[in-house]
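S.K.: One structure, pasted below without further comment.
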Amino acid sequence: MDNPADLRYTSSHEWLRNEADGTATVGITFHAQDALGELVYVELPEVGRRLAQGEACVVVESTKAASDVYAPVAGEVVAVNEALADAPQTVNEAPYGAGWLFRLRPEDPAQVGALLDAQAYGAGPGAA
């Protein structure tokens, strides 16, 4: 699966999409969900929580293992994908769409700009 060009990526397999309202949506990449296998549980952060860049903030649990998801940038959590409580497999089915994890308001736009673009992610950490 291609890595969407409009997203930014981390070397730990998170993606970030800038939204028109100044927030950013965060999820895990196709590569990450594929490596984890079928997700059976997702623990999301509390709305209002302030995250440091690189801070573990989500736990995804699959039939294989549990894994942390890290904040790609610092910011305040403004929304979480509550639908994942009943349907964690949505992350597997649509990692760049309905399987998003949370939204945050980034503190420093420069952190967003420093993330990997699709080409760099695909050539490095996201290489199959």
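S.K.: In debye, nearest 20: dipole of the chain around its Cα centre with unit charges on the Cβ of K, R (+) and D, E (-)?
M.R.: The dipole magnitude comes to about 180 debye.
S.K.: Sticking with this structure for a sec: Given the rule -39500 (n - 2.57) for each run of at least 4 DSSP H residues, summed and divided by the residues of the chain, what is its mean residue ellipticity at 222 nm, to the nearest 500 deg cm²/dmol?
M.R.: Dividing the helical sum by the residues of the chain leaves -3500 deg cm²/dmol.
S.K.: Enter the mean projected area of the convex hull around the alpha-carbon atoms of segment 59-116, in nm², rounded to one decimal.
M.R.: Computed as one quarter of the Cα hull surface, the answer is 4.7 nm².
S.K.: Check each of the GluC sites (Glu not before Pro) in segment 30-60 and keep only those in coil by DSSP with at most 11 other C-beta atoms within 10 angstrom; list them in order.
M.R.: Listed in order of number, the matching sites are Glu46.
S.K.: In the chain, if the dipole is taken from +1 on Lys/Arg beta carbons and -1 on Asp/Glu beta carbons about the Cα centre, which of Ala127, Ala87, Ala32 is farthest to the positive end?
M.R.: It is Ala127.
S.K.: Which trypsin sites (Lys or Arg not before Pro) from segment 44-124 combine a DSSP loop assignment with at most 14 other Cβ atoms within 10 Å?
M.R.: Of the trypsin sites (Lys or Arg not before Pro), the ones in loops of segment 44-124 whose Cβ has at most 14 other Cβ atoms within 10 Å are Lys64.
S.K.: May I pose another question? In terms of modelled amide H atoms, which long-range or inter-chain residues lie less than 5 Å from the amide H of Val40?
M.R.: HN-HN under 5 Å from Val40: Glu61, Ser62, Thr63.
Bear in mind these aren't lab numbers, they're just calculated from the coordinates by the rules spelled out. Predicted, not measured: the structure shown is a model, and the values here were computed from it. Please note: Cβ atoms are built from the backbone with ideal geometry, for glycine as well, and neighbour counts cover all protein chains shown.
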